[in-house]
Each structure stands twice: as structure tokens, then as C-alpha cells.
Amino acid sequence: MIAVADVSALRKAVKALPGRVALVPTMGNLHQGHLSLVRHARDVADSVVVSIFVNPLQFDREEDLQAYPRTLEADQALLEAEGVELLFAPPVETIYPESMAGHTRVEVPGLSDIFCGASRPGHFVGVSTIVCKLFNMVQPDCALFGKKDFQQLLIIRRMVQDLALPVEIIGVDTVREKDGLAMSSRNNYLDAEQRSRAPTLYAALKNTAAALRRGRKDFSTLEKEALRMIAEGGLKPDYIGIRRAEDLSPPGKDDASLVILGAAYLGLARLIDNLEVEIP
Ligand code: PAF
């Protein structure tokens, strides 16, 4: 694996890669969820590029940015073992050589302002800006994102469509621990007692999905029931939303492809998860 940190070395290295190139953008602290993206990338492309960059522009709280786990050496070893061709791990100055305040931003309005966007103002502008920038730097044929960040995935799809970026976006299923908890770098913030409560979020989503499949259409009551279940499990609910999977708009009674989105605070962690549901 070649590891580069600056853009001219990156461009040179990408040019030398054979065939179709896949990009897996990450913020590092890699776990099985990221490795699943890398393995999918290998299935759909000839060469795999992984980026590791903890993007300050998408953090709404300085403490969160400082506390974000940085484990470059261990990440590098994992990617090496996966046979990744190229790692791009730039320092902040390479991505934001001047002040971030004056940096051009990419915004997908509407979709960026609800759910996680409402709880973390500016977060998705930071995400779409860095992803657009990484696409321009790497110029991949396709890029892979986890479905755990369902709202992020839709925002990136919309950005690619609106800006006519020549990158195919591929969503990859969430990887879960045995008890259902979605894998996330933020799970590291949980102590043993909190970790035992954490699967409640997924359990509430599963309950809601089962009720929808049984034919319930009282979406707002279902959302309230899920919020109650999360609170009773000892988590502090942020939001639960039942939406159309295509664009996160409120569902009508005849919509068949739905997604249940949820977020909750637990100790220092903010857990997010979602479940797609097809109504028979
Ligand atoms: O999902 C993430 O890890 C980040 O939001 C991403 C897509 C790498 C952009 O920084």
C-alpha cells in the first residue's frame, strides 16, 4: 500500500492505479464497518483508495473534534491487510490551507437541516464540502458510504446529482455487533454499563418496523412510542423519524419504502441508527 499526504503525490499515485478506482472516505479509527466498505469496494472496482481525515469542518463542538479517536498506525495496518492500494491521509493544512471560515462550502439545503442536521448545525455542510473536495482530489469512479449514516448517504447522492459529479455512489449495509448495536467509532466512548444499554436504540427501531409491517400507519404515535422505549432504556432520545426512504420527506399512507431514523445520547456518545422498511 502506498500512503500519501499531499495532493500532487495523491494525483500521481491515482493515475498509476489500474482500472476502475473506488474511494472509501473515512475519518479513521477503523472498525469492521469500514472494512466492510473496503471489501465491497474491492468487489466493484479494480483499485481501492481509502482516505483518512478527521474533518474539522463537520464538527459542531471543539471538544468532540479534540476527543475524536485518531489511530493512524493501527488503521494503516488494517488497510494493508485488506490489500488497499492507496491511502490518502492528509494533514489539516493540506485540506484547509487557509482559514476554514473563508473556505468555499457545498450545501445541500433542506436535507441537511433536519434530524442530525438540526441537532448538529453546520455538520452536513462540513460533510458535503469535504466529500466534494475528496472527489475532486481523488477523482474516483465510485465511492462507498455506510448506510448507518443514512441521512449523510442521501445528502451525498443529492450533491452528486445536483453538481453532476461523475462518481457512482454505493451504499453499504450497516455492520452490527452481536446484540444489534451498529458499529461506530463513537461506541468507544461507552463504559461497560452504557454499552449494555446501547442496543435499546436498535431495539426501538426494530419494534417500530414490526408495527409498520403489521399495518400501523399512525406514524407520529409510533415515533412517540419509540422515543419512550429509548428513554425507558436509560438513553436520552434526540429524535425518531419515520420517513420516505427516497428523500426523507414525511410518508403518506400508501408509501411502501420507508426508513426509521433515530438518534440518542448515552454518556459521552451520540448514537445514530436507522432501519429501512418495506411495507407489504
Ligand atoms: O462518515 C464519515 O466518516 C465522514 O462523515 C466522511 C464521509 C468520511 C466525511 O468526513
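What follows is calculated from the coordinates using simple rules that are stated; it is not laboratory data. Not measured: the values here are computed from a predicted model. In this analysis, Cβ positions are derived from the backbone assuming ideal geometry, glycine residues included, and neighbour counts consider all displayed protein chains.
Things worth noting here:
- Segments 42-48, 73-79 sorted - mean Cβ within 10 Å per residue, highest first: 42-48, 73-79
- Most positive-pole-ward Cα, 279, 166, 199, against dipole of the stretch 151-280 from beta carbon charges: 199
- Shape category assigned to the stretch 54-99 from the gyration tensor of Cα positions, a/c cut at 1.5: oblate
- Using a Förster distance of 51 Å, the FRET efficiency for residue 179-residue 98 (Cβ separation, nearest 0.05): 0.65
- Mean projection area, nm², convex hull over Cα of the chain: 14.8 nm²
- The packing ranking of peptides 186-196, 131-141, highest mean first, is 131-141, 186-196, where packing means the average number of other beta carbon atoms within 10 angstrom of each residue.
- For the stretch 1-56, the convex hull spanned by the alpha carbon atoms encloses 85 Å³ per residue.
- Debye-sum result for the stretch 1-123 in log10 I(q)/I(0), which assumes one identical scatterer on each alpha carbon, at q = 0.15, 0.18, 0.19, 0.22 Å⁻¹: -0.81, -1.09, -1.16, -1.30
- Pairs of C-alpha atoms in the stretch 100-237 farther apart than 27 Å represent 34 percent of all such pairs.
- Quotient of Cα Rg and 2.2 N^0.38 Å for the stretch 78-155, N being how many residues it contains: 1.25
- Relative packing of peptides 212-221, 28-37, 98-107 - highest average C-beta neighbours within 10 Å first: 28-37, 212-221, 98-107
- Long pairs among 178/253; 178/236; 147/217, criterion Cα-Cα beyond 32 Å: 178/253
- Evaluated over the stretch 165-239, the Cα radius of gyration and Dmax, each in Å: 15.1, 46
- For the stretch 145-280, relative contact order (Cα pairs under 8 Å, six or more residues apart, normalised by length) works out to 24 percent.
- Within the chain, percent of DSSP bridges classed antiparallel, to nearest 5: 50 percent
- When +1 charges are put on Lys and Arg Cβ atoms and -1 charges on Asp and Glu Cβ atoms, the dipole computed for the stretch 105-254 relative to its Cα centre reaches about 360 debye.
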